[in-house]
Amino acid sequence: FLFLIGIGSIAVLIPMSYFLAGKSLQPIKETFEDQKKFIANASHELRTPLTVIQTNVEVLKLKEEEQIKDNMKWLNNIGSESETMAKLISDLLILAQAENQSLSIEKELFDLSSLCEQIVVLMTELANEKEIELSANIGPAIQYRGDEEKLKQAIRILVDNAIKYTPEGGKVQLCLVQGKRNIAIEVKDTGVGLTEEEKAKVFSRFYRVDDARNRETGGVGLGLNIADYVVKKHGGKIKIESVPNMGSTFSIILPRANLKSETKKNNNQMD
Ligand code: ADP
């Protein structure tokens, strides 16, 4: 059965990867290598959670109805693995929409500070699992006009990466900083860091610094490409500061033009 799922995933992923890489300007050989890596990573990423889900369903089937309440851990496993798959599928959908220019960006007013707070709450469990101290320095409400769901996805990708690429016991901090012309959402970590050469490549689709090392962390090299795309659609950019083995700061810089009105300055200042 698993073999059939494997074949099925590959049958879906091969045409999808061709489609996604269709407009790439990379040399053909490089693109083909990227696609092979992508198919391997994406198949693995979809198959692993699916296997966990199936095993958990089998365990639950053997239980008496009243025992199910006592076996919430199996249901929780199913929930979190389905979430992993849903995340990858939503990343692929955003990319497919970006590729055929049908990705729409909503322009609605929302509070950027409470969005950042929500993300910290959402990611706390993941950080706890790795004994990473996740903290925030967010400040008062900032009314921003943009696509809340897509910006949430972009910020989540940066925090998720900061946790993934920081060894156990490290620190990750999310800061919201207001400047004269821009607002910055900074994600700082004490993780593995990046060289100048790696920094230049991380936004490329399917790029992963060290595939062997990264295999343990999961991911297919699409997150930063999506985050970059979403932030650019808001007229912003993502800046990276990093020192190998010391840590990185990924900052989403958004123009203040999208603010409802000049929000009062607070302690979090920048240029
Ligand atoms: P993924 O995490 O799925 O591999 P991304 O596009 O999000 O894909 O990131 C691309 C690569 O950039 C990662 O594989 C990793 O090697 C590197 N990277 C991203 N964020 C960080 C970080 N905070 N610290 C160190 N390396 C990072």
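Brief remarks on what is shown
- In segment 40-109, trypsin sites (Lys or Arg not before Pro) in a DSSP loop with at most 15 other beta-carbon atoms within 10 Å: Lys63, Lys107
- Packing order of peptides 178-191, 93-106, highest average first: 178-191, 93-106 (average count of other Cβ atoms within 10 Å over each peptide's residues).
- Rg to Rh quotient for segment 123-183, alpha carbon positions, Kirkwood Rh: 1.02
- Stretchable slack from Lys73 to Ser104, in nm (0.36 nm times residue separation minus alpha-carbon distance): 7.4 nm
- Computed over all pairs of different Cα atoms, the Kirkwood value for the hydrodynamic radius of segment 89-238 is 16.2 Å.
- Separation in nanometres of the label points that stand 7 Å from Cα toward Cβ, at Arg145 and Ser82: 3.9 nm
- Cα-based reach from Lys130 at 19 Å (exclusive), listing aspartates and glutamates while leaving out same-chain residues under 8 positions away: Glu81, Glu83, Asp160, Glu168, Asp189, Glu216
- Remark: the Arg256-Lys61 segment gains 64.8 nm on full extension, using 0.36 nm per residue and subtracting the alpha carbon distance.
- For the listed peptides 165-171, 195-201, 113-119, a ranking on the average number of other beta carbons within 10 Å per residue, highest first, reads 113-119, 165-171, 195-201.
- Pairs over the 18 Å Cα-Cα cut-off, from the set Lys171/Lys201; Lys164/Lys188; Lys107/Lys150; Lys73/Lys171; Lys201/Lys237: Lys171/Lys201; Lys73/Lys171.
- Amide proton proximity set for Asn137, modelled H, under 5 Å, gap of 5+: Leu174, Cys175, Leu176
- In terms of overall dimensions, the C-alpha atoms belonging to segment 67-153 reach 48, 37, 23 Å along their principal axes, ordered largest to smallest.
Read the figures in this text as sums done on the coordinates, not as results from a lab. Note that the structure is a prediction, hence the values are computed from the model and not measured. Note that each Cβ is placed from the backbone with ideal geometry, even for glycine, and that neighbours are counted across all protein chains shown.
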